[in-house]
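The values are calculated or read from the model by the stated rules, or taken from the named source; none is laboratory data. Note that the coordinates shown come from a computational prediction; the quantities given were computed from them, not determined experimentally. Note: ideal-geometry Cβ built from the backbone for every residue, glycine included; neighbour counts use all protein chains shown. These area figures cover heavy atoms from the full protein model, side chains too; ligands, DNA and RNA do not enter into them. Shrake-Rupley method; radii C 1.70, N 1.55, O 1.52, S 1.80 Å.
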Amino acid sequence: MKEPITRPAFTIRNLHTAREMVVLEDLQRAAWGYSETAVHPRNIFRIHAHLGGVVAAAFPVDETGEECGPAFGFVYGFPAYQGGRIWHHSHLLALRPDWRGHGAAVALKHHQARRVREMGLTKVTWTFDPLVARNARFNLGKLGARAVSYHPEWYVAEDLPADRLMMEWDVSAEHSERPPPKPQGVRVLEAQGQTPGAPDLSADAPKLLAEVPLNAFELPSPLTLAWRLALRDVLGHYLASGYAVTDLAREGERAFYVLERVE
C-alpha cells in the first residue's frame, strides 16, 4: 500500500514594503535562470503593490502555522485598460523548482483571483507559451481559463520565436479542477512521428483538436521550430476565426488543444 503524499505546509500573504520585494529577484533567477537584465527589479513590484497591483508571496510554515523560511514563490499582476474596459493582467508566477507540484501555484492564482474580485474586477489575463503542455494543463484544466488570441513573437528571443497565447480567466466565481478530457473533435493538427503533420485550416466544426508534443523542448531544435510554426498556423487561424482554446485533452502520451467555437 502506497504511503499518502504529505504536502509541505505554506501560507500566502500580500507584500507591501520595498524590503519584502528583494527576494522576488532571487525567485525569478531560481525559477527561470534569468539573467540580470531579464529580472524584474524590486522597485517595480513596490510601485505596483502600492498602485493597484497584486504582489503576493508563498512562505513555508511550521506545525504551529508560523512562517519558517523565506518566500519560495510569488504572483504578480497589475491593472490593464483597453477599449474602455479595465481588468487585471497577471504577468509573473514563479516557484522555486523544489516547490513545484505541491499545490502552491494554484493557491497563488486563487489568492490573486480573490484580490481581483475585491477590486470589483472579474477578468484576469496572462500569456503562456503554447509549446509548454504542462502549463497548458495548469491554465486550462486546473484553473478553468481559456486562450482567446495568438501572438507571434510576443517577446524578443535569440533562438526560437517567443510566441504566446493570451489567456482569459473569469474570476467572478470559484473554479474547480477538471480531469483531462478524451480527444473528441475534428483533428486539425496531428503528429507524424515526432514531426507535426500539415495543418488543416479548412475545418468548420463545433470542436477542433490541435496536437502539441508533451516534450517540445526536448526535441531537436528543427523539430521544436516546426511545432512552433505549425501551432502558430493552426491556433492563430482558428482563434482569429471565432474559436477559443478551452482545454487540453489527453490520449496516452499524446496531448491535444481543444478549440471550441465561441458563442
Loop-only trypsin sites (Lys or Arg not before Pro) in the range 15-48, please: DSSP not H, G, I, E or B, and at most 10 other Cβ atoms within 10 Å. none
Starting from the Cα-Cα distance between Leu223 and Tyr81, subtract it from 0.36 nm times their residue separation and give me the gain in nm to one decimal. 47.3 nm
Counting only protein heavy atoms and a 1.4 Å probe, tell me what percentage of the range 1-128's accessible area is made up of carbon and sulfur. 54 percent
How high is the FRET efficiency from Glu118 to Ser202, r the C-beta distance, R0 41 Å, rounded to 0.05? 0.35
With all protein chains present, the range 147-194 has a carbon and sulfur share of its accessible area (1.4 Å probe) in percent of 48 percent
So how do Val262, Val171 rank on accessible area, 1.4 Å probe, biggest first, that is with the largest at the start? Val262, Val171
In the chain, if the dipole is taken from +1 on Lys/Arg beta carbons and -1 on Asp/Glu beta carbons about the Cα centre, which of Gly242, Asn14, His40 is farthest to the positive end? Asn14
R0 = 41 Å: FRET efficiency of Thr195 with Asp26, Cβ-based, nearest 0.05? 0.55
How many nm separate the modelled label positions at Glu153 and Glu253, each set 7 Å beyond the Cα in the direction of the Cβ? 3.5 nm
Dipole in debye (nearest 20) - the chain, about Cα centre, beta carbon charges: Lys, Arg +1; Asp, Glu -1: 500 debye
So what's the angle, to the nearest 10 degrees on a 0 to 90 scale, between helix 104-118 and the longest Cα principal axis of the chain? 80 degrees
Among Ala80, Leu201, Ala162, which residue has its Cα furthest toward the positive end of the charge dipole of the range 79-217, with +1 on Lys/Arg Cβ and -1 on Asp/Glu Cβ? Ala80
From Cα pairs below 8 angstrom and at least 6 apart in sequence, can you work out the relative contact order of the chain, rounded to a whole percent? 14 percent
222 nm [θ] for the chain, helices only, -39500 (n - 2.57) per DSSP H run of 4+, per residue, to 500? -7500 deg cm²/dmol
So, how do all the Cα-to-Cα distances of the range 51-162 break down into 5 Å bins, in percent, from 0 on up? 2, 10, 18, 22, 19, 16, 9, 3, 2, 0
Residues of the chain: accessible area per residue with a 1.4 Å probe, Å²: 52 Å²
Report the extension gain between Glu66 and Val262 in nm, rounded to one decimal, defined as 0.36 nm multiplied by the number of residues separating them, less their alpha carbon distance. 65.9 nm
Between the residues Asn135, Thr122, Leu108, the Cα farthest towards the positive end of the dipole of the range 64-195, that dipole coming from +1 and -1 charges on the beta-carbon of Lys, Arg, Asp and Glu, is from Thr122
